[in-house]
Amino acid sequence: MPDDPHSEAEPLAREAWQLGRTHRKVDAMERMRGITRYTDDLKLPGMLHGKIKRSPHPHARIVSIDTSRAEAMAGVHAVVTGQDFPIPYGIIPWTPDENALAVDKALHVGDGIAAVAAVDEDTAIEALDAIDVVYEILPAFFDPEEALAADVTINPYARKGNLSKKVELEFGDVEGGLQDAHLVIEGEYFFEGTTHAAIEPHCAVAHVERGGSAGEDGLLTVWSATQVSHYLHRELAKVLELPAHRIRVIQPPLGGAFGGKSEPFDLEFCVAKLAMKTGRPVKILYTREEVFYSHRGRHPMRMKYRTGFREDGTITAVDARTVLDGGAYSSFGLVTTYYSGQLLCSPYAFPAYRFHSRRAYTNKPACGPKRGHGSVQPRFAIEVQLDKAAVALGLDPIELRRRNDMGAGAQTVNEFRIGSNGFLECLRRVEESSGWVEKRRTLPYGRGLGVAGSTYISGTNYPIYPNAMPQAAVQICLDRSGRARVFSGANDIGQGSNTMLAVIVGEELGLPLEDVRVLSADTDLCPVDLGAYSSRITLMVGNACLQAAQALRRKVRGAVAKRWEIPARRVTLMQRKAIDIEDPDRHVDIAQAFQWAEEDHGLLGEVGSYNTPKDRHGDYRGGTIGASPAYSFTAHVAEVEVDDETGVVDVKTIWVAHDCGRALSRRIVEGQMEGSAYMGFAEAIMEQHIVDPGHRGVHSAPSLLDYRIPTFVDTPELRALIVEAPDEQGPYGAKEAGEGPLHPSIPAIANAIYDAVGVRMDELPFTPPRVLAALERRRAMEAAGELAPHKAADGRIG
């Protein structure tokens, strides 16, 4: 008789069937053929169109709203105002400071005041004009320091004036470390706010089934271009005062998000309430201008840093003071304020570290999470600090970073546990691929190289709302035909998470990706997942999927082994077959193997779930924020050419080395690396999300015509260099690749500009006027004998 199949371990070094290969995304052909149905493509019978009336003032009390003229218009079916939404909400449960529509005050230009549902968009727009609002204009504050000093409170739910959040944490003897340092670099940096610029605007559709039990309405279904179906589901239940079981949230295919759709927005509540009032489906699609005013993009930050160094370039202490411009609402601001300091403590070893961060309410659209949430700005500051130190100490900037690397299995100064760490290999790869050593000696004036490094989380160790339930879960069902169905609550926002799940299932069960169907982000049909944020899906959802897939693999292998009367360890699944490893000529189609397993076990279904280890952080207030099961590592080298007559910075190439643990699907990982580097390059050179105080809080460029982002013509060559340092916490060792590769682009470009022409760019973006101004200051100092010319004839820095 064969051995018990459940006791027979499969060889650990089995040949990979899908892992690490190049795959086309499972939904790629539908998108390429133009048949993908996004949220705005949904057209339901009897559907009405909604529009939201928005405040023209940055700060104003609502004295009165008269909707009677709008309600009397032909074709208008319903109007709602803030009085229909008295319950505040917020993505972070400790800071619910936002109403679906303004109740008493408008807090920024574009704040929602009222919404209408009408037979078409034109009628809805006319109805907005017919709503009469009387405002009392209030003082507006656009500078965070001025807002913090003001005696006028912006957000009515604020507890401490215009201070949204303050974090002060210190680890080790910072002042002693600075006093003992051979060199102290001091710098002040400004990171301008930027937006996500996803191709698809926000859109939501709601439908209510009539004729529920006891005369109640039935199920409320909301289709939304969201990246957090579960959190949206929770907040809809809270604000609408409906039991959660009467709400269904579905995320259709998404046209990009980058963090910009990671919390509820006014349109989702409005379509739901309007559908409930009218009994008809209602759709609201943001205009591009509304996307800009809804925002939730990168926080502007002003950062002051002091960093101490020994003569050999190793760090002695870091002191950081940061002010964040949060806009009118909290959004993720509590977390952002912590991230502005907590995520700085690797890949470099800090013996002592202190950060003081304050987030202010201002009369601007709320800031929130954008790719690399909260840590891109401080990474810019610290990497430029390191470059300044390397120049002052006469060290190669890559060598200085090597000397400060903390290594694998380390604990950061703020007590986060680091697992695998491929940072040194990342540095080696970009150094070698860029020709760093040779080019640094020979590049002429106007051409330069810069380096920077970074780290990022592979998911947050704790959910947004405290609970002990799994953070991710997956269900898998095998069909007698030889196909697999995967049910996952995870949100695929274009990053390829559905493909990642298909790869894992295909690897474990011997299936090509076309035989794996992934159904995701439907709160009725899929298990709970917390959403697409903080680069959590590969590690967390991947682990849950792997658990379920491996359980099914054991069943199928055991069923085949039973019929062949061999140990289960001899059976492998690949290429749509079950194969005897020791006698490869003996094999059966995978459909037959599935049928045998169904004979033995009944319906072939398994579930997997994942929760994080709880030993990854210190025991102090805020110690959990920034903790993660695993951390990715990244190094970039940028090569630039600077025109000293025009100030134009031409970024030629960015080499991107990223430690993703293990690349489950190489093309998707490379795409994430290149896309991240592109976004960082865009923020460095062009992007500015500016609300103009001179025009009373109006956005200076609320369109993709005026808001500058790079085209294909502007984009440098991006070279993705995958580094694999498998981490025991990830599925097959995988870590994140969707956000971490963005961080170093910006400081690498800043440091390359210095290498090229000798000017430090400490404020973003690096526009021609800023570069020219810096060059003029340097020329004046050279003329006064205060500085030597930057590069000698042989290209070396002077």
query: Which residue pairs have Cβ atoms closer than 6 Å, lie 6 or more positions apart in sequence or on different chains, and pair a first residue in segment 295-310 that is closer than 16 Å to Val174 by Cβ and of a type in the set (S, T, N, Q) with a second residue that is open to solvent by less than 10 Å² (accessible area, probe 1.4 Å) and not in a loop (DSSP other than H, G, I, E, B)?
result: Thr307/Val318; Thr307/Gln385
- request: Quick one: Thr499 ticks every box in (1) open to solvent by less than 20 Å² (accessible area, probe 1.4 Å); (2) assigned to a loop (DSSP other than H, G, I, E, B) except a single one, so which number is it?
  value: (2)
message: Please count how many residues of segment 243-293 are assigned to a strand (DSSP E or B), of a type in the set (A, V, I, L, M, F, W, C) and open to solvent by 20 Å² or more (accessible area, probe 1.4 Å).
response: 2
statement: The lone condition Val384 fails out of (1) open to solvent by 10 Å² or more (accessible area, probe 1.4 Å); (2) part of a helix (DSSP H, G or I); (3) closer than 28 Å to Ala701 by Cβ is (1)
Selected residue (only one of Ile625, Ile581 is touching a helix residue (DSSP H, G or I) at 6+ places or on another chain (Cβ under 8 Å), farther than 30 Å from Val713 by Cβ and open to solvent by 60 Å² or more (accessible area, probe 1.4 Å)): Ile581
task: Give the number of residues within segment 38-55 that are part of a loop (DSSP other than H, G, I, E, B) and closer than 16 Å to Val208 by Cβ.
output: 5
field: Criterion violated by His108 - all others in (1) touching a residue at least 40 places away in the same chain (Cβ under 8 Å); (2) surrounded by fewer than 15 Cβ atoms within 10 Å (Cβ to Cβ) satisfied
entry: (2)
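Each row is one residue, and each column tells you yes or no for (1) open to solvent by 10 Å² or more (accessible area, probe 1.4 Å); (2) polar (S, T, N, Q).
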residue	(1), (2)
Ala408	yes, no
Thr412	no, yes
Gly422	no, no
Ser433	yes, yes
Val437	yes, no
Pro444	yes, no
Ile457	no, no
field: Filter result for Gly372 (open to solvent by less than 10 Å² (accessible area, probe 1.4 Å) and under 30 Å from Ile91 (Cα atoms))
entry: yes
Helices (runs of 4 or more DSSP H) contained in segment 110-213 and holding at least 1 residues touching a Ser or Thr at 6+ places or on another chain (Cβ under 6 Å): 144-149, 174-179
- prompt: Hey, does segment 475-484 have a residue that's surrounded by 21 or more Cβ atoms within 10 Å (Cβ to Cβ), hydrophobic (A, V, I, L, M, F, W, C), in contact (Cβ under 8 Å) with a residue 60 or more places away in the chain and closer than 23 Å to Gln377 by Cα?
  reply: no
task: Run down Leu219, Leu236, Leu240, Leu285 and say which single residue is closer than 30 Å to Glu683 by Cα and either over 29 Å from the mean Cα position of the chain (by Cα) or at pLDDT 95 or above (or both).
output: Leu285
- prompt: Only one of these conditions is not met by Arg760: (1) in a loop (DSSP other than H, G, I, E, B); (2) under 27 Å from the mean Cα position of the chain (by Cα); (3) among the charged types (D, E, K, R). Which number is it?
  reply: (2)
- prompt: How many residues does segment 83-104 contain that are surrounded by fewer than 21 Cβ atoms within 10 Å (Cβ to Cβ) and within 17 Å of Val133 (Cα to Cα)?
  reply: 3
message: Looking at segment 138-177 only, could you name the residues that are within 29 Å of the chain's Cα centre (by Cα), among the aliphatic types (A, V, I, L, M) and open to solvent by less than 20 Å² (accessible area, probe 1.4 Å)?
response: Ala147, Ile154, Val167
query: Taking segment 509-537, which residues are open to solvent by 30 Å² or more (accessible area, probe 1.4 Å) and of a type in the set (D, E, K, R)?
result: Glu514, Arg517, Asp524
task: Could you pull out the residue among Asp619, Asp615, Asp644, Asp659 that is among the acidic types (Asp, Glu), open to solvent by 10 Å² or more (accessible area, probe 1.4 Å) and touching a helix residue (DSSP H, G or I) at 6+ places or on another chain (Cβ under 8 Å)?
output: Asp644
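The values are calculated or read from the model by the stated rules, or taken from the named source; none is laboratory data. Keep in mind that this is a model prediction, so the values were computed, not measured. Note that we place each Cβ from the backbone using ideal geometry, even for glycine, and neighbour counts take in every protein chain shown. Protein only, heavy atoms only, side chains kept; ligands, DNA and RNA dropped before computing areas. Shrake-Rupley method; radii C 1.70, N 1.55, O 1.52, S 1.80 Å.
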